[in-house]
Amino acid sequence: MKKITGYNTIIFAILAFLFIGVKGAYAAFNISVTPYEGGYDLKFGKISTLNQWINKEVKVRITSDINKQYRVIQKLLEPLSDVVGNRIPENNLVVYGLRGTNNYGTMHVETEWPVSLGRTNIYTSNQQGLSDSFILVYRLQVPQGQAPGVYRGRIAYYLEPIDASASPATVVLNIYCEVETHASIEISTTFGSKVIRLTPGKPEGESCDIAVKINGTFGVQFKILQVAEPLVSSEGNELSNEALEYVASQASGGQVQPGPMSLSSQPQVIYVSSPKGEQDSFIITLRIKDLEKEKAGRYRGRLKYLLEGGGGIKSGLIETLSLEVENPRIFDLIVTPETGGVIQFRNLKPLEPPRIYYVDFEIKTNIGKPYQINQNVLSEFTSKEGEVIPREYFTLRTEPLDTKGLLKLPNKTEAKIGDMVLFVSDKPGSPDKFRIIYELGIPLNITPGDYSTRISYSLSEI
């Protein structure tokens, strides 16, 4: 009996050892991914280029008893493609985790994240590596112009231990959609670019034509609207909408709105289709209207074109064009009359009344900075024979011509040899005008003849 009992004890020990070994060898560590609607494929069904985002849910379950932390990685094995190689862009398929559906770990895709060919960490367990489950929401939108057909792809999910020896697990989910044929709208410049560049003073830069092409039939009436985002320079200046204008023309089926019209940050109806939204095309001509009151700089913004309609039409953005307007620097002083820097009085004689000379100044500027105008009297009034009129006989005063800035010499003042400040602009450096009235008194002992002086004017920033 003792021998039998000992033998049984040995057999029990061996069986216990084998049981424990087998249990360790087959530790639970796996993942399953199941579409909410059942089956083994994530099916988006029929989808058109006019649909909004379509959502589909999948449930992810992780079973683990390795007692170690783990993570779930997502990777797009095959993008959504048809048999001829057309692809739906990756950014049009996104994923996010439904908040609150997991129990223990952390979801890293609580906001929308593109389903990409790279590895995306979507979930990390707690430190104990407890089993868990959660719901992922996949959103798909087919871009306008996508070729019709059946599109298939595959997403892989990798269950990976962190600092543990357990073997990783992988599951693959097939994805499927069918793109239906629908109408589309194409918008670009007539030379195919998505960038509009306007520059005054150049025939090819004063305007740009934008081509709008409506492909196919929408089946219902729709509108195309235009919105101008602010045009802002690198200095932070904003171009007025009234600086540019547009006019639409050459539509054959629908109607374009009459113009010309200034740009607007509010939606403007450019085009109204025929009742059935049939195929059509037209031109939008964008051109410079008036940049004289605008500050110099390179202004950048965008033109957005929106679709508005009903009966299954997805209202929203059609296209965005970049818009650049170059407003060259202007900083000019115009002096009238143009004397070449010489003021001359002819045939001066004793006992004559003083001679008067008017000079008008116009400042054209768009630099947006204050400035001033100086004069430099280079000599007294002198005749060809070298006779000189004393400097105290030569005076000046400034007079406004709807002037915004500050006239420095509003009262009669001796026109001294050398520099004198005549005018200082307002703080914004606005374009301006003013007049100088020069007066030359005639001494009683003057030698008759022609007398002249040289004066220069300068325009400078402050």
Taking the dipole about the Cα centre of the chain, with the C-beta of Lys and Arg at +1 and of Asp and Glu at -1, give me whichever of V227, N91, G129 is farthest to the positive side. G129
Leading residue at positive end of dipole, the chain (Cβ point charges), from P390, N215, N103: N103
Helical contribution to [θ] at 222 nm, DSSP H n ≥ 4, -39,500 (n - 2.57), averaged over the chain, rounded to 500: -2000 deg cm²/dmol
What does the charge dipole of the range 314-462 about its Cα centre add up to, to the nearest 20 debye, if the Cβ of each Lys and Arg holds +1 and the Cβ of each Asp and Glu holds -1? 220 debye
Quote the relative contact order of the range 331-461 in percent (integer), defining contacts as alpha-carbon pairs under 8 Å separated by 6+ residues. 43 percent
In nm², the average projected area of the convex hull spanned by the Cα atoms of the range 27-179 is 8.8 nm²
Highest to lowest packing among 66-73, 126-133, 406-413, scored as the average C-beta count within 10 Å: 66-73, 126-133, 406-413
Using the eigenvalues of the Cα gyration tensor, what equivalent ellipsoid semi-axes result for the range 227-340 when each is taken as the square root of five times the eigenvalue, whole Å, largest first? 37, 17, 9
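Net charge around Q257, counting only other residues with Cβ within less than 14 Å of its Cβ (Lys, Arg = +1; Asp, Glu = -1)?
On the way: positive: K223; negative: E245, E308.
That works out to -1.
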Sticking to Cα atoms, compute the Rg of the chain to one decimal and its Dmax as the biggest Cα-Cα distance, whole number, in Å. 40.8, 162
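Taking only the Cα atoms of the range 331-461, how large is their convex hull per residue, in Å³?
So the per-residue Cα hull volume is 92 Å³.
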Equivalent ellipsoid dimensions for the range 79-166 as semi-axes, Å, which come from the Cα gyration tensor, largest first: 31, 15, 9
If I take all pairs of Cα atoms in the range 145-277, what percentage of them are more than 19 Å from each other? 69 percent
With Rg and the Kirkwood Rh both taken from Cα atoms, where does Rg over Rh land for the range 348-392? 1.15
Which angle from 0 to 90°, rounded to the nearest 10, does the C-alpha axis of helix 2-25 make with the longest principal axis of the chain? 30 degrees
q = 0.19 Å⁻¹: log10 I(q)/I(0) that the Debye formula gives for the range 300-347, counting C-alpha atoms only: -0.81
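Only the coordinates and a few stated rules stand behind these numbers; no lab work does. Since the model is a prediction, treat every value here as computed from it, not as a measurement. So basically every Cβ, Gly included, is an ideal-geometry build from the backbone, and we count neighbours across all protein chains shown.
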